[in-house]
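So the structure is just underneath, and the comments pick up after that.
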Amino acid sequence: MALAVGTKAPDFSLSSKTADGPKQIKLSDNFGKTNTLLLFFPMAFTGTCTTEMCNMSQELPSYGDAAVYGISGDNPFAQEAWATKESITVPLLSDYEHKIAKAYDVMYDSFLPQINLGMGGVAKRSAFIIDREGVIQYAESTDDARELPNFDKIKAKLAELK
């Protein structure tokens, strides 16, 4: 079960590949400044994840001043290759050791064992809005990797938090 609304968001520092090279992104750097939207997704170069991050990239301006991050267990170089190939502009953060997916309680014990993958630690498709004080204000997670978050509800909650 994903962390609940009202819970203090676990802080983290994750790698992101930028034009200037790898960079550490720390969640708490946003505290006191802006709301944050975390979008956990299973893996780069897959159909639903590509759809989600491409759509997010196109709609990024409609999320106002919120900091938006995509998080997966892919390494930052694979994420960069995927972002370049698909024109993804959402900053992608590498949870390579799956520690953040575990901290937010959104990881599969076994991802897609029915098609012989069975990889543990893969992030479930999930969304969290964290307010300026570092408190979770919206939480959504699904066991079905093909199911996208409810972006209308996410936009409404972010508008509420302005």
Query raised in the report: Among the residues of segment 60-72, how many are on the phi < 0 side of the Ramachandran plot and at pLDDT below 95?
Result: 5
Query raised in the report: Counting just the residues of segment 32-42 that are assigned to a loop (DSSP other than H, G, I, E, B) and open to solvent by less than 40 Å² (accessible area, probe 1.4 Å), which one comes out farthest from residue 66 (Cα to Cα)?
Result: 42
Report task. May I ask you to say which residue of 29, 11, 109 is out of contact with any helix residue (DSSP H, G or I) (no Cβ under 9 Å at 6 or more places or on another chain), open to solvent by 60 Å² or more (accessible area, probe 1.4 Å), within 20 Å of residue 136 (Cβ to Cβ) and not in a strand (DSSP E or B)? Result -> 29
Query raised in the report: Which condition number in (1) exposed (fewer than 14 other Cβ atoms within 10 Å of the Cβ); (2) within 21 Å of residue 13 (Cα to Cα); (3) in contact with a Ser or Thr (Cβ under 6 Å, 6 or more places away or on another chain) is the one that residue 97 fails?
Result: (3)
Query raised in the report: (1) in contact with a strand residue (DSSP E or B) (Cβ under 7 Å, 6 or more places away or on another chain); (2) part of a strand (DSSP E or B); (3) over 16 Å from residue 145 (Cβ atoms); (4) touching a residue at least 60 places away in the same chain (Cβ under 8 Å): which one isn't true of residue 17, the others all being true?
Result: (1)
Query raised in the report: When segment 83-98 is examined, which residues are found to be closer than 29 Å to residue 156 by Cα and assigned to a helix (DSSP H, G or I)?
Result: 83, 86
Report summary line: Those residues of segment 64-80 which are surrounded by fewer than 21 Cβ atoms within 10 Å (Cβ to Cβ) and part of a helix (DSSP H, G or I) amount to 76, 77, 78, 80
**Report entry** Boolean, residue 60 is within 17 Å of residue 36 (Cβ to Cβ), open to solvent by less than 40 Å² (accessible area, probe 1.4 Å) and not small (Gly, Ala, Ser)
**Finding:** no
Query - Any hit, segment 112-126, residues being under 19 Å from residue 56 (Cβ atoms), at pLDDT 95 or above, of a type in the set (Ser, Thr, Tyr) and open to solvent by less than 70 Å² (accessible area, probe 1.4 Å) - result: yes
**Report entry** Test result for residue 72, within 16 Å of residue 122 (Cα to Cα) and in contact with a helix residue (DSSP H, G or I) (Cβ under 6 Å, 6 or more places away or on another chain)
**Finding:** no
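The values are calculated or read from the model by the stated rules, or taken from the named source; none is laboratory data. Just so it is clear, the structure is predicted and the values come from calculations on it, not from any experiment. Cβ atoms come from the backbone with ideal geometry, glycine included; neighbour counts cover every protein chain shown. The protein model used for the area step is the full one, side chains on, heavy atoms only, and it has no ligands, DNA or RNA in it. Shrake-Rupley method; radii C 1.70, N 1.55, O 1.52, S 1.80 Å.
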